[in-house]
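The values are calculated or read from the model by the stated rules, or taken from the named source; none is laboratory data. Note that the coordinates shown come from a computational prediction; the quantities given were computed from them, not determined experimentally. Every residue, glycine as well, gets a Cβ built from its backbone with ideal geometry; the counts of neighbours run over all protein chains shown.
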Amino acid sequence: MLKDYFMFSIKNLAKRKLRSWLTMIGIFIGIAAVVSLIGLGEGLRIAVTSQFNFLGSDVLSVQASGLNLAGPPGTAVATPLTDDLKDKILKINGVDAAINRYIESGTLEFNDRQTIGMAMSIPEGSERKILEDMLNLKAEQGRLLKDGDNKKVLLGNSFKEDDIFGKGIKPNDRVLINDISFEVIGILEKKGSFLFDSAIAVNEQTMLNLIREADDTDVNVIGVKVKNVDNIDNVKENIEKLMRKERNVKKGEEDFVVESPQNLLATLNSTLFAVQLFIYIIASISIVVGGIGIMNTMYTAVLERTKEIGIMKAIGAKNSVIFFLFSVESGFLGMVGGIIGIIFGLLLAYGLAFIGQITLGSDLIQAHITSGLIIGALLFSFILGIISGIVPAYQASKMQPVEALSFIK
Amino acid sequence: MKTDEIKYSLQNLAHRKTRSLLTMLSILIGVMAIFALISFGLGIRNYMDTLAEEAGADKLFIQARSVGVPGTDANFFVSADDINFVSKINGVDEISGMYIRAGEVKFKKEKKFVFIAGTDIDKKEFVEKAFTVGVEKGRQLKKNELGKVVLGYNYQFEDKIFSKAIKLGNKIEINGNSYEVVGFYGLIGNPQDDSNAYLNYRSMELLFEDIKDEFGWAMIGADKNTDPEVLAEKIEEKLRKFKDQEEGKEDFFVQTFADVLATFGTIINVLNGILILIALISIIVASVNIMNTMYTAVLERTKEIGIMKAIGAKNSDILFIFIFESGLLGMVGGIIGVILGYLISSAGGQIAAASGFAMLQPVFPLYLIIGSILFAFLVGAASGIMPSIKASKLNPVDSLRYE
């Protein structure tokens, strides 16, 4: 029975081959555009968020609040963190380690060329290992820093490429940081994160004595590692309580933030999502237009087949049967358009990503198409087809058999 | 001349009302989206042109190279010596340094982080011209007065920066020090600049102890007869020698105002262009729809075409009828699309203004309106070409027999 319905629909579509093809082309263009844009958008979002995905889930960062993006973290703030806070945070229950991080902008010179970057400190003693684990630092060439390494620097992976200074940096090379000569001790493993691959890491003492101004003891960020991930919210609250007391501010007036990397990622994700959404909305206009095309085709089909509908009704077809027949037909139009659209969308997304990577050389351009997206697009195009066909199908089902039989084109 | 044919087309469109309306709907949506996007794109370009005119194409900036927002990284700055040196270069009419730091502003227990700018009161006319706005309410700061502040436009309204509106004479705290509000700047049009707080040099140097003579950036006015581009290069070269730095290793850069705007303009144009391209996809789909409608129309009217040909209609007459019909579908869709696009853009502009982006205003030049409608007509006509050729080539005898 059901098979008959489908055969009937397909036969009708095949009879008006040109019209069916044109209608499906309308849907297929829209679906291809949306599938490829979502694929590329997701790829971009994953590439961007992975830039910040280097910290474990058991880590919190404490910073003074200020204007974000204005200079290195912890510089554009009103009341900087003091260096005594670390020990107080360490006494809080559930805190495994607390480490002062110093970050300073400066010039880096090599091969007679100069760039501006951010130098970060690595603590001495037992804290070194904790931070190295926390950030998962490993040397690809040379070695990591150790205590007593004065005027020695560990560089991020991107410095070994030729494009920054015209010549890649190797261990034992000498570079100038703020015009002071440093020996390169090692190159870090590639992380795929901009922040780490362009890192300039020095020992804390080197940072405080050579790179910073002498009397500057402000801490940029305090990194906190908790003992048990399940307690992280609890520890976060306790740190906030301590900070409020230390800095003498009331609840709701905090001039500092305690954040987990997950928080940061969530914020970043929601910003990117807003941009993606806007593009998707504009892209889905073409799907709506495709839907209108289906509706139009179905209206025409109903009109052309008025006499046929009359005959079917006269020999006993119920309203529901007529409605179902036309719905299947329009759903079919949507779905076949959708299938072709998805195939072209996949080709387009991967093709564009490939071209983008070759011409721009950026890893940020990549396509990420999940089976969810494919199934979703397929279902969506089928439903769109059915919805576009509802009104014409309804009209067909409600026809008076006598009038329909006497209809003349 | 062709009145009969035109009348015939109109009658036919009216005869298949639902189909004509749906076809027009499909093209009007795309036209609407493109019209709205272009009107915003042109609006931003307009805004930048006015900015360039008002602020003057004769302005240049010296900025410290730094990480993050220029001027806020205290490790890199333009020094008072640099400014003094540049002021003596031939072709430099005026120069004024700007202190800039992030600060915490407190009003009635609420705190916000904003940029605190220290401006040169001796050169206030020059500075205000470069900002394109002056103090519009209250008064400008005096050179040496302390404890007074002028605020950006947005502070005057509740729920923009603080939940309560600030009035002249109110006290605010910046990094714990109390200041009386003596004036407000006019609307600059972006939420960042409109939430700055302004102090004079002396207050700034007292508030940030280490800032003295370390400016975030400096703006320069070129002499009337000097080309700012040439002057920029000259300043760069002389300042480099003065600071004893090698080429490519400068800790500063000189940009003309026109350059800054051009960079910004290119980015906006590219982004807007991508959006327009995506919206164009829907026009392609609409064009397929029109083609479909026209093929159906030709099919339905096969007999009619046969009769027309039998009584002497030429192939070209039939071609004209059908192309005109599809062009008309496009054009009516275009007209409605432009009207709806206008409504959407205007509403969008109001929303943007209410959220602080007064610079984001759409404009509707006549050429955009006419161009959009013409474009829709051409898309319609082009989509109808194939079906129309099919119609014009029909064999009269076969057509007459068609059932």
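To keep it simple, each residue is scored yes or no on (1) within 14 Å of chain B (Cβ to nearest Cβ); (2) over 23 Å from the mean Cα position of the chain (by Cα); (3) modelled with pLDDT of 85 or more.
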position	(1), (2), (3)
A:R212	yes, yes, no
A:V226	no, yes, yes
A:I239	no, yes, yes
A:L265	no, no, no
A:G290	yes, yes, yes
A:Y299	yes, yes, yes
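When only residues in segment A:87-113 that are of a type in the set (A, V, I, L, M, F, W, C) and not in a strand (DSSP E or B) count, which is farthest from A:V153 (Cα to Cα)?
Start the filter on segment A:87-113 by keeping residues that are of a type in the set (A, V, I, L, M, F, W, C), which leaves A:89-90, A:92, A:95, A:97-99, A:103, A:108, A:110.
Subsequent filtering for residues that are not in a strand (DSSP E or B) retains A:89-90, A:92.
Details: A:I89: 29, A:L90: 28, A:I92: 33 Å.
Selected residue: A:I92.
All conditions in (1) closer than 25 Å to A:L60 by Cα; (2) in a strand (DSSP E or B); (3) without any contact (Cβ under 8 Å) to a residue 60 or more places away in the chain hold for A:K190, with the sole exception of (2).
Yes or no, residue by residue, for (1) more than 10 Å from every other protein chain (Cβ to nearest Cβ); (2) over 34 Å from the mean Cα position of the chain (by Cα):
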residue: B:E250; (1), (2): no, no
residue: B:F257; (1), (2): yes, no
residue: B:G265; (1), (2): yes, no
residue: B:L275; (1), (2): no, no
residue: B:I284; (1), (2): no, no
residue: B:S287; (1), (2): no, no
residue: B:Y295; (1), (2): no, yes
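For segment B:28-35, check the following and say yes or no: at least one residue is in contact with a helix residue (DSSP H, G or I) (Cβ under 7 Å, 6 or more places away or on another chain), in the same structural domain as B:Y201 (by TED's automatic domain parsing), touching a residue at least 60 places away in the same chain (Cβ under 8 Å) and not in a loop (DSSP other than H, G, I, E, B). No, the conditions are met nowhere in segment B:28-35.
Among the residues of segment B:55-75, is any touching a Leu at 6+ places or on another chain (Cβ under 7 Å), surrounded by 16 or more Cβ atoms within 10 Å (Cβ to Cβ) and either within 13 Å of chain A (Cβ to nearest Cβ) or part of a loop (DSSP other than H, G, I, E, B) (or both)? Walk me through how you get there before you give the answer.
Initial filter on segment B:55-75 (touching a Leu at 6+ places or on another chain (Cβ under 7 Å)): B:60, B:68-69.
Filter again for surrounded by 16 or more Cβ atoms within 10 Å (Cβ to Cβ), leaving B:60, B:68-69.
Now narrow it down to the ones that are either within 13 Å of chain A (Cβ to nearest Cβ) or part of a loop (DSSP other than H, G, I, E, B) (or both): B:68-69.
Yes - at least one qualifying residue is present in segment B:55-75.
Could you check segment A:93-137 and list, in sequence order, the residues that are charged (D, E, K, R) and within 14 Å of chain B (Cβ to nearest Cβ)? Of everything in segment A:93-137, those that are charged (D, E, K, R) and within 14 Å of chain B (Cβ to nearest Cβ) turn out to be A:E104, A:E109, A:D112, A:R113. Among the criteria (1) more than 14 Å from every other protein chain (Cβ to nearest Cβ); (2) out of contact with any Lys or Arg (no Cβ under 6 Å at 6 or more places or on another chain), the one B:S96 does not fulfil is (2).
Taking the numbered list (1) touching an Asp or Glu at 6+ places or on another chain (Cβ under 6 Å); (2) without any contact (Cβ under 8 Å) to a residue 60 or more places away in the chain; (3) basic (K, R) in turn, A:K227 passes all entries but (2). Please work out which one of (1) away from every other protein chain (no Cβ under 13 Å); (2) in a helix (DSSP H, G or I) is the condition B:E136 fails and give its number. B:E136 satisfies every listed condition except (2). In the list B:K309, B:K303, which residue meets the criterion of being in contact with a Leu (Cβ under 8 Å, 6 or more places away or on another chain), surrounded by fewer than 16 Cβ atoms within 10 Å (Cβ to Cβ) and in a helix (DSSP H, G or I)? Testing whether each residue is in contact with a Leu (Cβ under 8 Å, 6 or more places away or on another chain), surrounded by fewer than 16 Cβ atoms within 10 Å (Cβ to Cβ) and in a helix (DSSP H, G or I) leaves just B:K303. Tell me whether segment A:230-237 contains one or more residues that are surrounded by fewer than 16 Cβ atoms within 10 Å (Cβ to Cβ) and over 34 Å from the mean Cα position of the chain (by Cα). Within segment A:230-237 (the criterion being surrounded by fewer than 16 Cβ atoms within 10 Å (Cβ to Cβ) and over 34 Å from the mean Cα position of the chain (by Cα)), the answer is no, since none of the residues qualifies.
Select from segment A:66-82 the residues that are within 12 Å of chain B (Cβ to nearest Cβ) and under 25 Å from A:D96 (Cβ atoms) and write down the one among them that is modelled with the highest pLDDT. Among those residues, the one meeting the criterion is A:P80. For segment B:186-201, residues that are in contact with a strand residue (DSSP E or B) (Cβ under 9 Å, 6 or more places away or on another chain) and buried (at least 16 other Cβ atoms within 10 Å of the Cβ) total 11.
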